[in-house]
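One structure is given below, encoded as structure tokens.
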Amino acid sequence: MDKKQYSKSTASGSSSSSTTIKPKKSSSSSTATSVSTSTMGRSAVLPQPTRRIVQNFLLVWLDANIDESKEDFQNTLKHLRRIVASITTFTDTQQCFDFLSGITKEKAFMIVAGSLGQKIVPEMEAIPQLESVYVFCSNQSYHEQWANKVPKIKGVYTKIESICKALEIDRQRCDQTMISISFNGLDALFMYTQLLKEAVLEIEDDDRKSIKDLVTYCREQEDISEDQIKLIEREYRDHTPIWWYTAPYFMYSMLNRGLRQMDVDIILKMAFFIRHLHQHIQNLYHKQQSENMNIATPFKVYRGQGLALEDFEKMKKSINQLMSFNNFLSTSLNQNISFQKFARPAAFNDPNKVGILFIMTIDPDVCTKSKIPFADASSDKERSDYNHKLGWAYNDMGEYSKALSSHERSLEIGKKSLPPNHPDLATSYNSIGEVYSNMGEYSKALPLYERALEIRNIALPPNHPDLAQSYNNIASVYNSMGEYSKALLSHERSLEIKKIALPPNHPSLATSYNNIGSVYCSMGKHSKALTYYEKDLEINLKALPPNHPDLATSYNNIGSAYDNMGKYSKALSYYEKAHEIDRTTLPPNHPHIAHSKRNIDNVLPTAISLLAGARSAVSLLGVPVEFYLYGTMGLYGIFASLMATYITTKVFIPKLRQTGDVSIYSYLERRFSLSVRIMVTCTFILGTILYMGVILYGPSLALSQMTGLNIWLAVGSCGLVCTIYTSIGGIKAVIWTDVVQAVMMYLGLIVSIVFGIIDVGGIAKAVETVSSGNRFQFRVDTLDPSVRYTFWSVLIGFTVFDIGIYGCTQTQAQRYMCVKDTKTAKRVVWINYAMNVVLQILLACVGCVIYAKYSQCDPIKAKLISRSDQLYPLFVIQTLGRFPGFTGIFIASILSASLSTISSGVNSIATVIVEDIYKRISIARPMSNERQATVSKVLSIGLGLFTIFLAFIVSYMKTNIMTIVLQIFGAFTAPILGVYLLGFFTARVQSRSALVAFTLCLTFQIWIAVGSTVTVKPPNKQGGLLPTSVVGCMPSVNISVPMSKNQNYNPLIPLYSIAPTCFVCDSKYPKIVDKSLVITRDDIFSCCSSRKEVMKLTIAQKYNGISTDNTMIEKESMLKT
């Protein structure tokens, strides 16, 4: 179709119902298009001359206000005649339909003014020869309301160019539909056609004379454009017969009509063309067979067209019989084109037709034996396009070798028929590169993408969108190869071009922002990635429907960025939005739904992460020593953890998640004041920093003892590892990294138990030794507060200890704050409890196995080690040292535990500094994502260095690390827990009272912790330090027993052995508090209170004369929730 810009024509949309105009003026002038256009009105009463039509179609135009004298109207006719040469115009409706009723052998297309079209809908539907109607008007939206209900109306148009495009498509479909088909086997028509074909092929005449006769004949007809006739006259020999047959000129339509109607005049005039076309197909057939362009095995071709209902019934009766097409048959290798372009429109546009898709199997052997030629008559471009589309189909199916073969065939065809820098060649290079990229062969994909870019730089304008695509493809390869800086440069160049070439909210811009964000994400720069992901989302929200899958991708990417930055609550909200879109727009079993759901749930890995963050190297080094020295009374901690878990899930989790904030300390501001929030936050920061110093000392001690490395070097090296980990990757406290670290913890303990039991002579021997050493301690129930492990001290002390860890420390709470809802958060904590029980049992077993090994020679008394924390590493060296690699597992488990805890601590400190201090104090100066990332990295490095300094201090302390940890938690976590309990259970306490109580409690606890550390206490009684033996030590070992000295009695020793908690309440100035921030009895015992509340509500309703069953049901549901 001609792609020149047509002059714009304005449609006539007159509402006048008059159908009388002036009589048509006669004209004898000859123009470039000599086809006459007749205009009929009521004043034109003369009979029409006999019409001579040699094509399958004609066009009528009905408009009461046609004025052929206007230049605009003449330009419109020129446009239309490029599609249909025979045009008849009418201003009178009745004459128009009388004309249409007289048509029997052709199909008619009709242009009608909007005002007339609405009145003649029944008449349109009643004329079978009327193929398509185009409403030409000036008010498109108004006329579409009625026109869309009429099947024959193809559309409502305001520009003649749009009608020309639609008319071109419908003309092609009309020609396709009107091919002659015989359904009666070897009927007379079929036989006559075969005889006629043989006769025509035998004729030998002068081609020049034949062409001249055809030209003269065509000029005598009414429906052939003079331009097309002159084209045949001048250029017939310049093109192949197949080119003329498939070109958008009259040759195909005229031949089709002649063979369909058995019009001898047309057939004889076109006999030379029939002969040339047959010979051309035959020559192509032999050539392509010799070149093996056609496969030897049978293959399928497709033909789509419309079929009249009458013919369709004939076809159904002719199943398994001969059916013949009495013409040159054109088909396609592409089923989708045949179906979408021809068969489907015929089924929906005309109720008197059905759409047919013929699927034909071509057997080359049969064709050879029958001497029936067939050939690929596609143009080079068509064959190249076909192979290109076939390659994409194979690529989508994952059949990459076939895809490469098709794309390379398309490229070879293009190289032969196109200039060396044609844009279509760039498309082929680009497609081959994409297949290699999908195969993971990036080194092969990159030069192909670069060649495509080189061609496009030469052939296209500097800011063409295809250039942006090339840069984007090159960037994707660099990203996959890990060359992120090069990927960024290409992505940014692509973005620059798109900003110039596209509107500001084009979806392609969103794609570029998303791609740049992905590169930054791969580089670990999640704050920068977040900035680009947010730009991507901003555009998609404006340019796409609310449930578009690309929005789900945007939400998911933002959620991932927040997740990597450790902002779990924000990440969760975006994950939920992505999942909701996926759930509503995708099939139930689509993998994207499962992926987005996993992002939200993460129950098991989060629970493991919760365990890994709480149980550090202190647990691995210190707890087994506790069981070694004090026996198994510590196992009652399992029941304490059970109580703590219940209280955490019933009290802390619901209230803390109710705030919806990243930091759990925001509750304290809502309940008390900002000063309380900041005071508690600072206390948490100080306690966590001190705790991390002890944690770092654990792996340093193990590394020093097992490798002989100096303790200073061990502390420094472990400190650097932890600092690098937290500043580069570990600052997020990656949940899945914690899973791996937890697995290493369990593996190290299990290996120690198995080889330790083997070393002491088996399970029975180990149990006997531990029992005889009185290490199975389960009945120490004294109330003496100086005894280290009793039933009451363990049950009460460790309950408070675990509530403090899981309920009111940001380090642990941030884990269960990142899941989708409160119910899931509770599941996380309960799963963590189950795994903690297993861990406690394993630690107890390790302690008992260590005692079984050293029951006759205590390394502490024998001075084989300088402090009790070295006992477990000594056991590993002596038990596993002879097995290569097993000591490495132990060191890895210790270091993994420390990395998990330290990374969590640094992340939580960074979170509370930003959320609880900076954002609350500097409200007017919000911190950007990039600045937050910078602050986090600076904090991680600073905290890492300070932690190394604290680890050196711990190395000089005589107290074992387990005791130090208990003292730190007692000093700093107990006051924080007290403030939360004060807020939960007392509704009348003011901020000032809470501050006073917290300060006194914190001071008191620090005093006790320091005093307990520096004061020498008397030996524990029953349940305290259990006796050990050195009788089995080698004679060369010198055992020195310290002499008891008279010391002044310290009256504060009993005080240093307990950990009191102080609460101060001030009720003089009652404060009205939001009841949702306070815990009631029903919050803790909701399972017992819901029925009572419903009964109370029902009684109250009856008392007040209210009978609202719905209200009672709703209240009951609320209470249960």
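Rounded to the nearest whole Hz, the Karplus-based 3J(HN,Hα) values (6.51 cos²θ - 1.76 cosθ + 1.60, θ = phi - 60°) of segment 962-967 follow the sequence 5, 5, 4, 4, 4, 5, with x at glycine and proline. Using a simple spin-label model with pseudo-atoms 7 Å out from Cα toward Cβ, Glu204 and Thr585 lie 7.0 nm apart. Counting charges near Lys209 (Lys, Arg +1; Asp, Glu -1) among other residues having Cβ under 15 Å from its Cβ returns a value of -1. Taking amide H positions as placed in the peptide plane 1.01 Å from N, state which residues far from Val60 in sequence (5 or more) or on other chains have amide H under 5 Å from it. Result for Val60 returns Thr88, Phe109, Met110, Ile111. Grab the beta carbon distance between Asn774 and Ser485, set R0 = 56 Å, and tell me the FRET efficiency rounded to 0.05. It comes out at approximately 0.25.
Charged neighbours of Val1030, selected by a Cβ distance under 9 Å, balance to 0 (K, R count +1; D, E count -1).
With each label modelled as a point 7 angstrom along the Cα→C-beta vector, the Met262-Ile359 pair spans 3.4 nm.
At full extension, Lys159 and Lys765 could sit 208.2 nm farther apart than now, given 0.36 nm per residue minus the alpha carbon distance.
Legend: calculated FRET efficiency, Asn438 to Val121, from the Cβ-Cβ distance at R0 = 45 Å, rounded to 0.05, equals 0.30. Under 16 Å from a label point set 7 Å out along the Cα-to-Cβ vector of Val1031, no amide N atom of segment 749-763 is found. Extension gain for Leu309-Lys937 works out to 218.5 nm (0.36 nm per residue, less the C-alpha to C-alpha distance).
Remark on Ile153: its backbone amide H falls under 5 Å from those of Val133, a criterion applied only to residues 5 or more positions apart or on other chains, H modelled at 1.01 Å from N. For segment 116-157, backbone nitrogen atoms closer than 14 Å to the point 7 Å from Asp98 Cα along Cα-to-C-beta are found at no residue. Using the Cα centre of segment 143-224 as origin and beta-carbon charges of +1 (Lys, Arg) and -1 (Asp, Glu), tell me which of Ile181, Ala199, Ala166 is placed farthest towards the positive end of the dipole. Of Ile181, Ala199, Ala166, it is Ala166. Full extension of the chain segment joining Lys70 with Trp830 gains 265.0 nm, where the gain is 0.36 nm per residue of separation less the Cα-Cα distance.
Pairs over the 21 Å Cα-Cα cut-off, from the set Lys353/Lys389; Lys230/Lys269; Lys154/Lys542; Lys570/Lys826: Lys353/Lys389; Lys154/Lys542. A Förster radius of 25 Å, combined with the Cβ-Cβ distance separating Asn352 from Ala393, puts the computed FRET efficiency at roughly 0.10.
Spin-label model, Glu233/Leu502: points 7 Å from Cα along the beta carbon direction are separated by 5.2 nm.
Just so you know, all these numbers are worked out from the coordinates, no wet-lab data involved. All figures in this text were calculated on a predicted structure; none of them were measured in a lab. Virtual Cβ from ideal backbone geometry, glycine too; neighbours counted across all protein chains shown.
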